[in-house]
1. Quick one: L58 ticks every box in (1) in the same structural domain as K15 (by TED's automatic domain parsing); (2) over 26 Å from the mean Cα position of the chain (by Cα) except a single one, so which number is it?
2. Out of H77, H86, report the one residue that is more than 30 Å from L16 (Cβ to Cβ), surrounded by 10 or more Cβ atoms within 10 Å (Cβ to Cβ) and under 41 Å from the mean Cα position of the chain (by Cα).
3. (1) assigned to a helix (DSSP H, G or I); (2) not assigned by TED's automatic domain parsing to the domain that holds L21: which one isn't true of N89, the others all being true?
4. Please verify whether A50 is assigned to a helix (DSSP H, G or I), in the same structural domain as N17 (by TED's automatic domain parsing) and hydrophobic (A, V, I, L, M, F, W, C), treating the condition exactly as stated.
5. I'm told V5 meets every condition in (1) assigned to a strand (DSSP E or B); (2) modelled with pLDDT under 85; (3) surrounded by 10 or more Cβ atoms within 10 Å (Cβ to Cβ) except one. Can you identify the failing condition by its number?
Amino acid sequence: MNLSVKTYPKNTVPKLNYDVLIENQQDGGVSATVLGLPDFKASGVTKEEAIEKLIQLLQEREPEILTVEIQLPQTEHPWMKFAGMHKDNPLFPEVLEYIEAERSQIDLENETK
C-alpha cells in the first residue's frame, strides 16, 4: 500500500470550519460543542461567550490539516484467472453455439410474453 501525506505550510493553512451545537443549559448558561469532536466543548453565560471559549480551546490545540491519500494495492480481478482457460479446447466453439442457441430460445420466449 502506498501512502502519501500532503502538508501545508503554517502561513498557507486554510481556515478551519466547524459545525457547532449550541445548547441552552438548565442553569441558564449556554454550551457549545463541536459536532463530531465531543472533546471540544465550552460553556458560558451567553452564546457568544461559549463560542469564544470554544474558539480559544481550538486555537490552543493548534490543529493541523493533513490530506492523506492511500493508494490501494493492485489486485487481480478474481475472475481473471479463468479468462481464456478454454481457448485451446477443440469443443469450445461447439459450446458457444449451444449457448447462443439457448440464449436465442430464451429471447424468443421472452418476446412472446
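1. The failed condition is (2).
2. On the way: H77 fails: surrounded by 10 or more Cβ atoms within 10 Å (Cβ to Cβ).
That would be H86, the only listed residue that is more than 30 Å from L16 (Cβ to Cβ), surrounded by 10 or more Cβ atoms within 10 Å (Cβ to Cβ) and under 41 Å from the mean Cα position of the chain (by Cα).
3. (1)
4. It is true that A50 is assigned to a helix (DSSP H, G or I), in the same structural domain as N17 (by TED's automatic domain parsing) and hydrophobic (A, V, I, L, M, F, W, C).
5. Just one mismatch for V5, condition (3).
The values are calculated or read from the model by the stated rules, or taken from the named source; none is laboratory data. It should be emphasised that the depicted structure is a prediction, and the values quoted were computed from it without experimental measurement. Neighbour counts are summed over all protein chains in view; Cβ atoms, including those assigned to glycine, are modelled from backbone coordinates with ideal geometry.
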